[in-house]
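Below you'll find the structure, written out as structure tokens, and then a few comments.
The values are calculated or read from the model by the stated rules, or taken from the named source; none is laboratory data. From a predicted model like this one, the values you see are computed outputs, not experimental measurements. Cβ sites come from the backbone with ideal geometry, for glycine too, and all protein chains shown count toward neighbours. We work out accessible area using only protein heavy atoms, side chains counted, and drop any ligands, DNA or RNA first. Shrake-Rupley method; radii C 1.70, N 1.55, O 1.52, S 1.80 Å.
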Amino acid sequence: MNRMAAVDETFLVAGDQSQTAPVRPPAPANPGDFARPRTSLGRPRAFTLIEVVLAVALSTVVIYLLTTAVQLYLLRVDSGRSRVESAQLARTLLDRIAADLAATRITAQLPAAAAQTPSTTSQPPAGPSVAAPG
């Protein structure tokens, strides 16, 4: 007869009739008694070879799937990181180019003769020149 079935659900009365608490079943002599069913001869039941092989196979498949998922995640993280780095490099270069362009001065130099008289000569006026910053 099973030990759990033998325990009757009785209540202990402690002091007052309104306070009742359930009785706990006795602890098994061996902690694994409730976990492992016993055979008809009273020996604990063991795992069969097929159960062990299936457990190892399923564990292997789960570990393989987890490893693949982690590798895919790390691949995406690496490609995203490289895209961010190249975008930051491009932004830095464009900021430097913009700063260089903002620091340049463009001045127009006219020849002395063209500045005093209207353009009666056949020479075209000189174009704008770029002065170095500083």
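For this structure, a couple of remarks:
- Added length on full extension, which subtracts the Cα-Cα distance from 0.36 nm per residue, Leu41 to Ile106: 12.9 nm
- Förster radius 30 Å - calculated FRET efficiency between Gln71 and Ile97, Cβ distance, rounded to 0.05: 0.15
- Whole-Hz Karplus values for the stretch 86-98 come out as 5, 5, 5, 5, 4, 5, 5, 5, 5, 5, 5, 5, 5 Hz, taken residue by residue from phi with 6.51 cos²θ - 1.76 cosθ + 1.60 and θ = phi - 60°; glycine and proline positions read x.
- A simple spin-label model places the labels of Val84 and Val53 4.9 nm from each other, with each point 7 Å out along Cα-to-Cβ.
- Here the accessible area of the stretch 55-109 is 67 percent carbon and sulfur, with a 1.4 angstrom probe and all protein chains present.
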